[in-house]
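Q: Have a look at the structure that comes next, please.
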Amino acid sequence: MERDLFIKLEKWKDKKKRKPLIIQGARQVGKTWIMKEFGARYFKNTVYINFDNNEIMKRVFQIDFDIARIVSAIKIEYGKSFEAADTLIIFDEIQECPNIISSLKYFCQDFREIPVIATGSMVRIRLQRELTRNGSTQKFMFPVGKIEQLTIYPLSFDEFLLNSNEKLFNVTKKAYESRTPLSSSIHELVLNEFYKYLLIGGMPEAVNTYFESNSFLESRRVLKDLYDNYLSDMELYQASRESCLRSKNLFSNIYGQLNKESKNFSPGFIEEKTKTRDYFHPIQWLTLAHIVNQSFQLKQHVTLPLIPDGEGKFRLFLGDIGMFSYQSGINASSFVAPNKENTLSGIFYENYVANELVAKGIGLYYWRGKNDAELEFIIESDNKLYPL
């Protein structure tokens, strides 16, 4: 499977002053696979260390931050005598060993020639949770200035199309770059792939299952498992049982919130007699975990830089359009029926666009004017505003 992140990783690899890299992203978006595949493509050797089940290596990082000692221990443990520049070291599940994050500062200072990538699930959430449990009021400080960070998201539509039909992707990309309209027949083919994507989404396992089986039903079963696993994950690292329950209820009601007349987040829609502040921690948890994306309201006259209107109004979108479609409960045939354009609510497209913008590093804002006038998105680029 091809991912856009490989291009960014190759650029990182070739930097003269390369720093250790942390890859962030939601559960099951392909972080581990991408790191291993990147190592196989571009390096002579790859050393993969999973700290979820490696007590020996955990202890290595608990002694001190002598990187020469740590590298020697890695060579001994994995039986490899490697040259630094030819070997990629991968640290996975780093939330199980927070000292690794601190050690990256010293990899940067003392052994920058060694390419190091680290990742884990809900790293910042886990670290803050552990500090809270230990009675500490301090926040864990990432080694800012000594690391680089990238975020991986579910497959965007262009990635889905590239892996589904490379020839069609290339034709579409060429037409876009030359500002040439697609022929009606090619345009229809691309639209058919687009509606498949709205149903399947971009979670790698769901996408691969569809490609291998050509079955929407099998892909849907994978989505159900992923959706249920996300709900189960919310029991991890939460500060309280109440916060966990509210996180689950909030997550489960994203479609309902967007499907009402006012798409703004409304706590009373989920739980009577609650206020937005009651959902501060669940929203923070879900956004930090990259499970939901938050869009902020702008009102009346819009100026640069974009700043929320101060009324605290916002909308929430699910981070994967496939999960959003699953949550909606809509029949899967609606996405592939001849009149599909007329059966799908506009919020499917809105959630899709929100995710595409986030994956491209664009902040989410929407505009509300007088008499319910609305623009679903306002984009800031090169000091200009673009309504969408």
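Q: May I ask you to verify whether residue 245 is open to solvent by 40 Å² or more (accessible area, probe 1.4 Å), of a type in the set (A, V, I, L, M), closer than 27 Å to residue 283 by Cα and assigned to a helix (DSSP H, G or I)?
A: Values: open to solvent by 40 Å² or more (accessible area, probe 1.4 Å): yes; of a type in the set (A, V, I, L, M): yes; closer than 27 Å to residue 283 by Cα: yes; assigned to a helix (DSSP H, G or I): yes.
Judged against the criteria, residue 245 is a match.
Q: Under the condition of being farther than 19 Å from residue 251 by Cβ and of a type in the set (A, V, I, L, M), which residue from the range 190-208 is surrounded by the fewest Cβ atoms within 10 Å (Cβ to Cβ)?
A: My answer is 191.
Q: Which numbered condition in (1) among the charged types (D, E, K, R); (2) more than 26 Å from residue 289 (Cα to Cα); (3) assigned to a helix (DSSP H, G or I) is the only one that residue 179 fails?
A: Unmet condition: (3).
Q: Would you check which residues across the range 149-176 are aliphatic (A, V, I, L, M), under 19 Å from residue 9 (Cα atoms) and in a helix (DSSP H, G or I) and list them? Lay out the reasoning, then the answer.
A: First, pick out the residues of the range 149-176 that are aliphatic (A, V, I, L, M): 150, 152, 155, 161-162, 168, 171, 175.
Applying the additional criterion that residues be under 19 Å from residue 9 (Cα atoms) yields 150, 152, 155, 162.
The answer is 162, and nothing else.
Q: For the range 84-118, which residues satisfy the criterion of being of a type in the set (Phe, Trp, Tyr), in a helix (DSSP H, G or I) and either free of Cβ contacts under 8 Å to residues at least 24 places away in the same chain or touching a strand residue (DSSP E or B) at 6+ places or on another chain (Cβ under 8 Å) (or both)? Break it down into steps so the answer makes sense when it comes.
A: In the first step, residues of the range 84-118 are kept if they are of a type in the set (Phe, Trp, Tyr); the result is 91, 106-107, 111.
Still in the running and in a helix (DSSP H, G or I): 106-107.
Correct list: 107 only.
Q: Select from the range 209-242 the residues that are buried (at least 16 other Cβ atoms within 10 Å of the Cβ), in a helix (DSSP H, G or I) and either at pLDDT below 90 or not hydroxyl-bearing (Ser, Thr, Tyr) (or both) and list them in ascending order.
A: Within the range 209-242, 216, 220, 222, 223, 226, 233 qualify.
Q: Kindly indicate whether residue 265 is among the hydrophobic types (A, V, I, L, M, F, W, C), part of a helix (DSSP H, G or I) and modelled with pLDDT of 90 or more. Outline the logic, then answer.
A: Working: among the hydrophobic types (A, V, I, L, M, F, W, C): yes; part of a helix (DSSP H, G or I): no; modelled with pLDDT of 90 or more: yes.
No; evaluated as a whole, the condition is false for this residue.
Q: Let me ask you something else. Among the listed residues 252, 232, identify the single one that is out of contact with any Phe, Trp or Tyr (no Cβ under 8 Å at 6 or more places or on another chain) and under 22 Å from residue 314 (Cβ atoms). Give the derivation first.
A: Numbers: 232 fails: under 22 Å from residue 314 (Cβ atoms).
When all the criteria are applied, what remains is 252.
Q: Please work out which residue is nearest to the chain's Cα centre (by Cα), limiting yourself to the range 294-308 and to residues that are open to solvent by less than 10 Å² (accessible area, probe 1.4 Å) and either of a type in the set (Asp, Glu) or under 21 Å from residue 253 (Cβ atoms) (or both).
A: Restricting attention to the range 294-308, the residues satisfying the condition of being open to solvent by less than 10 Å² (accessible area, probe 1.4 Å) are 295, 297-298.
In the following step, the residues that additionally are either of a type in the set (Asp, Glu) or under 21 Å from residue 253 (Cβ atoms) (or both) were identified as 295, 297.
Numbers: 295: 15, 297: 22 Å.
Top of the filtered list is 295.
Q: Okay, next question. Could you go through the range 309-331 and let me know if any residue there is aliphatic (A, V, I, L, M), more than 15 Å from the chain's Cα centre (by Cα) and under 27 Å from residue 151 (Cα atoms). Spell out the reasoning first.
A: Applying the first criterion (aliphatic (A, V, I, L, M)) to the range 309-331 yields 316, 318, 321, 323, 330.
Filter once more, keeping what is more than 15 Å from the chain's Cα centre (by Cα): 330.
Next, only the ones that are under 27 Å from residue 151 (Cα atoms) stay: none.
Taking every residue of the range 309-331 in turn, none turns out to be aliphatic (A, V, I, L, M), more than 15 Å from the chain's Cα centre (by Cα) and under 27 Å from residue 151 (Cα atoms).
Q: In addition: List every residue pair whose Cβ atoms lie under 7 Å apart, where the two residues are 6 or more positions apart in sequence or sit on different chains, the first residue falls within the range 361-372 and is under 30 Å from residue 150 (Cα atoms), and the second residue, located anywhere, is part of a helix (DSSP H, G or I) and open to solvent by 40 Å² or more (accessible area, probe 1.4 Å).
A: Once the first residue is under 30 Å from residue 150 (Cα atoms) and sits in the range 361-372, no partner that is part of a helix (DSSP H, G or I) and open to solvent by 40 Å² or more (accessible area, probe 1.4 Å) comes close enough.
Q: Could you list, in sequence order, the residues of the range 9-41 that are open to solvent by 80 Å² or more (accessible area, probe 1.4 Å) and either within 13 Å of the chain's Cα centre (by Cα) or more than 27 Å from residue 210 (Cα to Cα) (or both)?
A: Quick first cut of the range 9-41, residues open to solvent by 80 Å² or more (accessible area, probe 1.4 Å) only: 11, 14-17, 28, 33, 36, 41.
Listed by number, the residues that qualify are 11, 14, 15, 16, 17, 28.
Q: Of the residues 345, 334, which is buried (at least 16 other Cβ atoms within 10 Å of the Cβ) and of a type in the set (Gly, Ala, Ser)? Let's see the steps before the verdict.
A: Numbers: 345 fails: buried (at least 16 other Cβ atoms within 10 Å of the Cβ).
Step by step, each of 345, 334 is checked, and only 334 is buried (at least 16 other Cβ atoms within 10 Å of the Cβ) and of a type in the set (Gly, Ala, Ser).
Q: Here's another thing I want to ask about it. Taking residue 291 and the conditions (1) surrounded by fewer than 20 Cβ atoms within 10 Å (Cβ to Cβ); (2) in contact with a Gly (Cβ under 8 Å, 6 or more places away or on another chain); (3) modelled with pLDDT of 90 or more, which numbered condition does it fall short on, given that it satisfies the others?
A: So residue 291 meets the others, but not (1).
Q: Starting from the range 175-186, keep only residues that are closer than 14 Å to residue 158 by Cβ, then list their pairs with residues that are assigned to a loop (DSSP other than H, G, I, E, B) and open to solvent by less than 70 Å² (accessible area, probe 1.4 Å) whose Cβ atoms are within a distance under 7 Å, requiring at least 6 positions of separation or different chains.
A: Pairs that qualify, where the first residue is closer than 14 Å to residue 158 by Cβ and the partner is assigned to a loop (DSSP other than H, G, I, E, B) and open to solvent by less than 70 Å² (accessible area, probe 1.4 Å), are 175/182.
The values are calculated or read from the model by the stated rules, or taken from the named source; none is laboratory data. This is a predicted model, so every value here is computed, not measured. Reconstructed Cβ throughout: ideal geometry from the backbone, glycine too, with neighbour counts over all protein chains shown. The protein model used for the area step is the full one, side chains on, heavy atoms only, and it has no ligands, DNA or RNA in it. Shrake-Rupley method; radii C 1.70, N 1.55, O 1.52, S 1.80 Å.
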